[in-house]
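A short write-up of the structure that comes next.
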Amino acid sequence: MLRQLMGRGPVESFCCCVVAAGARMRAGEGPNVSDHPPTILDALAARSSSDCLAYIFLVDGTSETEIRWTFADVAAHTAEFAASLAARGIRPGSRVVLAANPSLEFIAALLGIMRLGAVPVPCFPPLRPRELDRFHAITVDCAPDAIIIDSMFGTTMETLQGRLRPAGLDPAICYPEDLTSAAAKAVAAPAVSIRPDDLALIQYTSGSTGSPKGVCLTHDNLSSNCQAIMRNMGPNADRVIMSWLPPYHDMGLMGTILLACYYGWSLVLMSPLNFIQDPRLWLKAISDYRAISAVGPNFSLDMLVDAINAGEAEGLDLSSLTEWYCGAEPVSIDTLTQFENAALALRFNPKAMIPCYGMAEATLFIAGKRRGTRWRTERDPQPDGSDAAGRSLVSCGDIDSEHTVRIVDPTSGLALPDGATGEIWVSGRSVAAGYYNREALTREVFHARLPGDGRRYLRTGDLGFVHGGELFITGRIKDLIIVNARNIYPQDVEAAVGRAAPTVRKSVAFSVPREGSERLVVLAEAVQRADPEDPADEFATIAEAIRTSVTAEFGIGPDVHLCAKRTIPTTTSGKVRRQEARRMFQSGEVTVIHADRRTIQECAG
């Protein structure tokens, strides 16, 4: 197949291979997408001799630098990594932190670890000094036998090893290039029998640096999640998926990399750094490779809107997309509307947008809008019990048919009727076994019970309601702001900040105690115009606009603090970490470049 494609351009040859692969599948020559292999490794083994394209990685975000692997290539490289790791003493049950940069080698290392019966622990590499604390906490928590990371982090790993020795830990530091070069000398790793209920990987959730929580996912969890996503997507032998998401994150890993391997679809990848630096590259890749499926959280759609409105996407074509999954807590109406309006010029079909809901503790997917329909909204029942009309919320669609969702009063533990807001509880095959080495927390979060119901439920910590069979997310219990006996969702305040000050690209809202009550705080990353006449005056204008808008909309005057870009902590998928931002603010770790004058006066008083 590859020999036949030589001489064609990279994108043209890719499309031809996908079409040919789809034709073979429909003719019964390849795996049927409706088959359900027991594990991801079984799915790869079934395609180990296939010349169908599996993964393409765009080294600099463009097709000119693409590297492509067939499924046969993936299987071969997986075996090589497994042999190299086995030679270094990695055995069944060993934990291996996988923090290599996004690449095809990352995928081979991930599957190679699994092939040994070992447990990969995907982890974001510590790009900045402050990220080393979280990396250290994860390493201490899972006690790995090895860490796979790029050699550019060699000095950082020396520092880490020095911090780990007092805890009695000394993991081997493995660089992907060394593992690859050693593969030719290594003896093939012995076959290990993998059962569906074996631990497949540990996915650490986003949280404070001091208390990381590792979600234990079995091979059956991974397979079940792939099947749940398929039920929402529908079969398509020619499906091409596009992803820039970090491979360490549940949506990037389970929602694209493992999903593509399980069903034999083609996946085109780029580094998240390329997307952040130039969002247009993402749109161009979708257009070039005629992608059918794409994934992107709220903040990425905002960035794409800016690129399209700036005229940076002219001539691109998004008409091939039939599924664009957007997950956030909750999905923003403003974001979806602005993106769809901007993308119409690129022939984007609004029905392709699929708001969805999922979380690492449930492997990933829980609910999603039905394909081919328009996303819809519903009024939010007021959390404080008032009769006022609530805000409009985007539906996250139908709950997967093999999962059960109940809305529960978080205080009484009793189920609530449709339309009532409460905590979302989930039961089903995709729900994880629990947190690694956290028995008490596992019982609290993963073993919830309802009277007269024998099922085990996951307490998501999310608030929401079910209406007309569809799931609506209102926010997180721990993020709910209560000021003057009023319940306020932080994302609503943050949306108001964005409308009041368009130059603010990121903000976070939370409450802090002061003089026996709670104060609403807005921390916003402010961006100056080029060569402002008076920077201080410009900041004062931004802060006043935020204060005025939030006060008018919520009837509460916030304390407004402006900070520099990249101050507000986020998860690897770009979601704001509100509790960590609150902690940093209260501990004085945030450098405030401007505080609203009224805020200063009230604090002084």
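Brief remarks on what is shown
- Checked against the criteria, residue 192 counts as surrounded by fewer than 24 Cβ atoms within 10 Å (Cβ to Cβ) and among the β-branched types (Val, Ile, Thr).
- Residue in region 571-596 that is farthest from residue 479 (Cα to Cα), counting only those that are in contact (Cβ under 8 Å) with a residue 24 or more places away in the chain and among the hydroxyl-bearing types (Ser, Thr, Tyr): 591
- Across region 58-76, the qualifying residues are those that are part of a helix (DSSP H, G or I) and in contact (Cβ under 8 Å) with a residue 40 or more places away in the chain, and the one among them that is surrounded by the most Cβ atoms within 10 Å (Cβ to Cβ) is 71.
- Filtered by the rule that a residue be at positive phi and of a type outside the set (A, V, I, L, M, F, W, C), region 109-154 gives a lone residue, 117.
- Test result for residue 144, in contact with a strand residue (DSSP E or B) (Cβ under 7 Å, 6 or more places away or on another chain), closer than 24 Å to residue 41 by Cα, part of a loop (DSSP other than H, G, I, E, B) and in contact (Cβ under 8 Å) with a residue 12 or more places away in the chain: yes
- Under the condition of being over 27 Å from residue 301 (Cα atoms), touching a strand residue (DSSP E or B) at 6+ places or on another chain (Cβ under 9 Å) and surrounded by fewer than 16 Cβ atoms within 10 Å (Cβ to Cβ), the residues counted in region 557-589 number 1.
- Here the condition is being within 27 Å of residue 391 (Cβ to Cβ) and within 23 Å of the chain's Cα centre (by Cα); of 418, 462, it holds for 462 alone.
- Long-range neighbours under 8 Å by Cβ, at least six apart or interchain, first residue on the phi > 0 side of the Ramachandran plot within region 478-503, second hydroxyl-bearing (Ser, Thr, Tyr): 484/517
- Residues being over 18 Å from residue 435 (Cβ atoms) and outside any helix (DSSP H, G or I) - total across region 340-364: 8
- Flag for residue 319 being closer than 24 Å to residue 271 by Cα and touching a residue at least 60 places away in the same chain (Cβ under 8 Å): no
- If the condition is being assigned to a helix (DSSP H, G or I) and of a type outside the set (Gly, Ala, Ser), then region 106-122 contributes 106, 107, 110, 111, 113, 114, 115.
- Of all residues in region 30-58, those satisfying the criterion of being within 25 Å of the chain's Cα centre (by Cα) and at pLDDT 95 or above are 39, 40, 41, 43, 44, 53, 54, 55, 56, 57, 58.
- Candidate set from region 327-374 (those that are free of Cβ contacts under 8 Å to residues at least 40 places away in the same chain and hydrophobic (A, V, I, L, M, F, W, C)); member that is nearest to residue 301 (Cα to Cα): 339
For (1) among the β-branched types (Val, Ile, Thr); (2) more than 20 Å from residue 549 (Cα to Cα); (3) at pLDDT 90 or above, each residue gets a yes or a no:
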| site | (1), (2), (3) |
| --- | --- |
| 449 | no, yes, yes |
| 462 | no, yes, yes |
| 469 | no, yes, yes |
| 473 | yes, yes, yes |
| 493 | yes, no, yes |
| 499 | no, no, no |
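- Any strands (runs of 3 or more DSSP E) falling wholly within region 365-470 and containing at least 1 residues that are surrounded by fewer than 17 Cβ atoms within 10 Å (Cβ to Cβ): 377-379, 392-399, 403-408, 448-450, 453-467
- Those residues of region 123-138 which are in a loop (DSSP other than H, G, I, E, B) and modelled with pLDDT under 90, in sequence order: 127, 128, 129, 130
- Strands (runs of 3 or more DSSP E) contained in region 218-337 and holding at least 3 residues out of contact with any Leu (no Cβ under 7 Å at 6 or more places or on another chain) and in the same structural domain as residue 395 (by TED's automatic domain parsing): 323-327
The values are calculated or read from the model by the stated rules, or taken from the named source; none is laboratory data. Treat the numbers as computed from the prediction; the structure is a model and nothing was measured. Here the Cβ is made from the backbone with ideal geometry for all residues, glycine too, and neighbour counts use every protein chain on show.
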